[in-house]
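A short write-up of the structure that comes next.
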Amino acid sequence: MEMREKCKGMLLVLSGPSGVGKGTLAKRLLQEDGSFAFSVSVTTRAPRPGERDGVDYFFVTEEEFQRMVRAGELLEYAAVHTAHYGTPRAAVEERIRQGQNVLLDIDVQGGLQVMRCMPDCVSVFILPPSYTALVRRLAGRGTETREAIEKRMRNAPGEIACMPSYEYTVINDDLETAWRTLHGIVEAEKRAVSRCLPEMGDTVEEALSLLDE
Ligand code: ADP
Ligand code: 5GP
């Protein structure tokens, strides 16, 4: 007599300026919620120390990237900062078909494309508490040169200008608070009737028969 549920997979889009903490929040979600799979993007940028091919990104040449674009293998793609990035289509579509949840950590250009072609995606824009906090985080991460940090900072206002196209915002000031907010959004969206319709596992007649026992 258990409740049955027919659930569709959720496509969760996380965007926000570089250094805001998307990767940190994404990692936490993947650790704490086993229903999510990370969509590994393709990129033409060079790997950072410690990044693994096929785990953090698929690192590809410009030629391979352009081939994937021409072949329609990317759900969305964009030039971000100084490289190309894209989301492999097949893996996302297959997982969603199987009812799994998929997490995309992508820039606003890609986020807008996904909202157009997958309108039932859940879109969350992560904001820093200030530009000062953002530059501190980028510098503190220690993965970019000064020029790269400047480029990312100068791109940030344009990215933040796209925020009204997203459904939710999360301010990543205190990390625990930001995580709780994101987690709350995800849990609420899992219960959206468009995504999940519980079915009663028994009937009223079966229930009423208990009164005669
Ligand atoms: P993104 O993926 O958006 O570029 P990261 O997740 O790599 O950003 O975070 C950038 C840096 O900021 C990392 O060093 C991370 O540890 C740090 N960070 C993330 N969230 C916070 C926070 N709420 N307060 C302080 N530092 C943070
Ligand atoms: P990074 O080089 O710091 O890993 O990522 C730079 C930016 O590219 C981030 O804003 C990140 O969200 C974005 N990005 C990563 N993968 C993709 C992708 O597949 N598509 C798009 N459009 N942006 C991506």
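Under 5 Å between amide hydrogens, which residues at least 5 positions from V102 or on another chain qualify, with H placed 1.01 Å from N in the peptide plane?
M10, L11, L12, A37
With only alpha-carbon pairs counted, each pair once and no self-pairs, how large is the Kirkwood hydrodynamic radius of the chain in angstroms?
18.8 Å
Quick one: which residues, 5 or more positions from L75 or on another chain, have an amide H under 5 Å from its amide H? H modelled 1.01 Å from N in the peptide plane, none for Pro or chain starts.
T87, R89
Among G140, G184, V170, which residue has its Cα positioned farthest towards the positive end of the charge dipole of the stretch 131-213, with +1 placed on the Cβ of Lys and Arg, -1 on the Cβ of Asp and Glu, and the dipole taken about the Cα centre?
The one lying farthest along the dipole's positive direction is G140.
Once amide H atoms are built 1.01 Å from N in the peptide plane, which residues 5 or more positions from V170, or in another chain, come under 5 Å H to H?
Excluding prolines and chain starts, which carry no amide H, the hits are F125, I126, L127.
Mind putting a number on the dipole of the stretch 129-213 about its Cα centre? Charges go on the C-beta only, +1 for Lys and Arg and -1 for Asp and Glu, and I need it in Debye to the nearest 20.
Working: 11 positive and 16 negative charges, 260 e Å.
Once rounded to the nearest 20, the dipole reads 1240 debye.
Work out from phi, with θ = phi - 60° and the Karplus expression 6.51 cos²θ - 1.76 cosθ + 1.60, the ³J(HN,Hα) of each residue of the stretch 36-44, listed in order in whole Hz, and give x for Gly and Pro.
My calculation for the stretch 36-44 gives 9, 10, 8, 7, 7, 7, 9, 8, 9 Hz in order.
Compute a Gaussian network model of the chain, connecting alpha carbons closer than 10 Å, and tell me which residue from V122, V69, V13 fluctuates the most.
Taking springs between Cα atoms under 10 Å, the residue moving most is V69.
Where nothing but the Cβ of Lys and Arg (+1) and of Asp and Glu (-1) is charged, how large is the charge dipole of the chain around its Cα centre, in debye to the nearest 20?
1200 debye
With θ taken as phi - 60° and the coefficients 6.51, -1.76 and 1.60, list the Karplus ³J(HN,Hα) couplings across the stretch 76-88 in order, rounded to whole Hz; mark glycine and proline as x.
The phi angles translate into 7, 7, 7, 8, 10, 6, 10, 9, 9, 9, x, 9, x Hz.
Counting Lys and Arg as +1 and Asp and Glu as -1, what is the net charge of the other residues whose Cβ lies under 15 Å from the Cβ of D53?
0
Leaving out ligands, DNA and RNA, and with a 1.4 Å probe, what % of the accessible surface on the stretch 1-117 is carbon or sulfur?
51 percent
Within the chain, how many Lys pairs sit with Cα atoms under 22 Å apart, leaving out pairs fewer than 8 places apart on the same chain? Walk me through the numbers before you get to the answer.
Numbers: K6/K190; K8/K190; K22/K151; K22/K190; K27/K190.
Step by step, the pairs that qualify in the chain add up to 5.
Sum up the charges of everything whose Cβ sits under 14 Å from the Cβ of A91, counting Lys and Arg as +1 and Asp and Glu as -1, but leave A91 out.
Details: positive: R89, R95, R97; negative: E73, E76, E93, E94.
Surrounding charge for A91 is -1.
With θ set to phi - 60°, apply the Karplus curve 6.51 cos²θ - 1.76 cosθ + 1.60 along the stretch 194-208 and write out the HN-Hα couplings as whole Hz, x wherever there is a Gly or Pro.
5, 10, 8, 10, x, 10, 4, x, 9, 10, 4, 4, 4, 5, 5
Between A71 and E93, with labels modelled 7 Å along Cα→Cβ, what's the label distance in nm to one decimal, could you check?
With each label point 7 Å from Cα toward Cβ, the separation is 1.4 nm.
What does the helix-only formula give at 222 nm for the chain: each DSSP H stretch with n ≥ 4 adding -39500 (n - 2.57), the total divided by the residues, and the result rounded to the nearest 500 deg cm²/dmol?
-12000 deg cm²/dmol, from helical runs alone.
How high is the relative contact order of the chain, in percent, counting Cα pairs under 8 Å that sit 6 or more residues apart?
Computed over the chain, the figure is 33 percent.
How many Å² of accessible area per residue for the chain, probe 1.4 Å?
Per residue, the chain has 56 Å² of solvent-accessible surface.
The values are calculated or read from the model by the stated rules, or taken from the named source; none is laboratory data. Note that this is a predicted model, so its numbers are computed, not measured. When we count neighbours, we look across all protein chains shown, and the Cβ atoms used for this are built from the backbone with ideal geometry, even at glycine. Just so you know, the surface numbers come from the protein's heavy atoms only, side chains and all, with ligands and any DNA or RNA stripped out. Shrake-Rupley method; radii C 1.70, N 1.55, O 1.52, S 1.80 Å.
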